Amino acid sequence: MDSDSGEQSEGEPVTAAGPDVFSSKSLALQAQKKILSKIASKTVANMLIDDTSSEIFDELYKVTKEHTHNKKEAHKIMKDLIKVAIKIGILYRHNQFSQEEVVIVEKLRKKLNQTAMTIVSFYEVEYTFDRNVLSKLLHECKDLMHELVHRHLTPRTHGRINHVFNHFADVEFLATLYSLDGDCRPNLKRMCEGINKLLDEKVL
């Protein structure tokens, strides 16, 4: 299921416009083309990340680049995030999870919902932000994700999960993101608008 042997060029441009233009949508399409070449299923073709999630991911890329001062690393983190999301989506849509794993799916869904509401609440209600609380929630999401894919995916994907969550759950990154007078405030606003939309639509 998780054959990554075909992934040779980690540093290829994200879009035809060149490597400076980051697009979650384009990245998701690239990842899907690779997966589709290995899985002959038309239903997988409908699994592109939706527009709202794509916009949130684009903002996450911008704040990650701002925090790390490393465009290549920011791109790698988002690439890993998108690949993990798509692979879990494929497993779910193809009913690959056992009854026990479906219970974990529901736990993860609830934890992601709680985390999403906390992210928005910390933004909307001034002086409530607690980086340790948010970091703990994100690490709990990471642990549930590891538990969920343990039987299905390779150590390489487990490494991607760690790479993604260890970055976003880092308390220094969260402090940068939520700084009231920091450069990331507009990005956080747009992210929370997108998260609110996903919550309203019951996606999260």
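Scan the stretch 87-96 residue by residue and report those that are in contact (Cβ under 8 Å) with a residue 12 or more places away in the chain and open to solvent by 30 Å² or more (accessible area, probe 1.4 Å). Walk me through how you get there before you give the answer.
Of the stretch 87-96, the ones in contact (Cβ under 8 Å) with a residue 12 or more places away in the chain are 87-94, 96.
TYR92, ARG93, HIS94, GLN96 - these are the residues of the stretch 87-96 that are in contact (Cβ under 8 Å) with a residue 12 or more places away in the chain and open to solvent by 30 Å² or more (accessible area, probe 1.4 Å).
With the requirement that a residue be within 13 Å of VAL164 (Cβ to Cβ) and among the basic types (Lys, Arg), what does the stretch 78-113 give you?
Matches in the stretch 78-113: LYS79, LYS83, LYS87.
Consider LEU144 against the criteria (1) within 18 Å of SER53 (Cα to Cα); (2) hydrophobic (A, V, I, L, M, F, W, C); (3) within 16 Å of the chain's Cα centre (by Cα): it satisfies all of them except one. Which criterion is unmet?
Every condition holds for LEU144 apart from (1).
ASP2 passes all but one of (1) touching a helix residue (DSSP H, G or I) at 6+ places or on another chain (Cβ under 7 Å); (2) at pLDDT below 65; (3) more than 19 Å from THR157 (Cα to Cα); (4) open to solvent by less than 20 Å² (accessible area, probe 1.4 Å); which number fails?
Every listed condition holds for ASP2 apart from (3).
Condition test on LYS110, is it surrounded by 19 or more Cβ atoms within 10 Å (Cβ to Cβ) and of a type in the set (Lys, Arg)? Don't jump to the end; show me each part of the working.
Working: surrounded by 19 or more Cβ atoms within 10 Å (Cβ to Cβ): no; of a type in the set (Lys, Arg): yes.
The answer is no for LYS110.
Could you check GLN99 against (1) modelled with pLDDT of 90 or more; (2) exposed (fewer than 15 other Cβ atoms within 10 Å of the Cβ); (3) more than 25 Å from ASP143 (Cα to Cα) and say which number it fails?
(3)
Across the stretch 113-122, which residue is least open to solvent (accessible area, probe 1.4 Å) among those that are within 19 Å of GLU172 (Cβ to Cβ) and polar (S, T, N, Q)?
Taking the stretch 113-122 first, the residues within 19 Å of GLU172 (Cβ to Cβ) are 115, 118-119, 122.
Among the residues that remain, those that are also polar (S, T, N, Q) are: 115, 118.
Values: THR115: 6, THR118: 26 Å².
Only one residue fits best here, namely THR115.
Against the condition part of a helix (DSSP H, G or I) and either open to solvent by 20 Å² or more (accessible area, probe 1.4 Å) or of a type in the set (Lys, Arg) (or both), how does VAL164 come out, does it pass? Show your work before the answer.
On the way: part of a helix (DSSP H, G or I): yes; either open to solvent by 20 Å² or more (accessible area, probe 1.4 Å) or of a type in the set (Lys, Arg) (or both): no.
No: the conditions fail for VAL164.
Taking TYR61 as the residue in question, decide whether it is out of contact with any Ser or Thr (no Cβ under 6 Å at 6 or more places or on another chain), outside any loop (DSSP other than H, G, I, E, B) and crowded, with 17+ Cβ neighbours inside 10 Å.
Values: out of contact with any Ser or Thr (no Cβ under 6 Å at 6 or more places or on another chain): yes; outside any loop (DSSP other than H, G, I, E, B): yes; crowded, with 17+ Cβ neighbours inside 10 Å: yes.
Judged against the criteria, TYR61 is a match.
Going by what's in this entry, would THR128 be described as at pLDDT 95 or above and under 18 Å from ASN162 (Cβ atoms)?
Working: at pLDDT 95 or above: yes; under 18 Å from ASN162 (Cβ atoms): no.
Judged against the criteria, THR128 is not a match.
Sort out which residues of the stretch 123-161 are open to solvent by 60 Å² or more (accessible area, probe 1.4 Å) and hydroxyl-bearing (Ser, Thr, Tyr), and write them in order of number.
Correct list: TYR127 only.
Please find, among GLY194, GLY182, the residue that is farther than 19 Å from THR52 by Cα, among the small types (Gly, Ala, Ser) and surrounded by 13 or more Cβ atoms within 10 Å (Cβ to Cβ).
Details: GLY194 fails: farther than 19 Å from THR52 by Cα.
Of GLY194, GLY182, the one residue that is farther than 19 Å from THR52 by Cα, among the small types (Gly, Ala, Ser) and surrounded by 13 or more Cβ atoms within 10 Å (Cβ to Cβ) is GLY182.
The values are calculated or read from the model by the stated rules, or taken from the named source; none is laboratory data. Predicted model, so just to flag it, every value in this text is computed and none were measured. Neighbour counts are summed over all protein chains in view; Cβ atoms, including those assigned to glycine, are modelled from backbone coordinates with ideal geometry. Areas reflect the complete protein model, heavy atoms only, side chains present, ligands, DNA and RNA absent. Shrake-Rupley method; radii C 1.70, N 1.55, O 1.52, S 1.80 Å.
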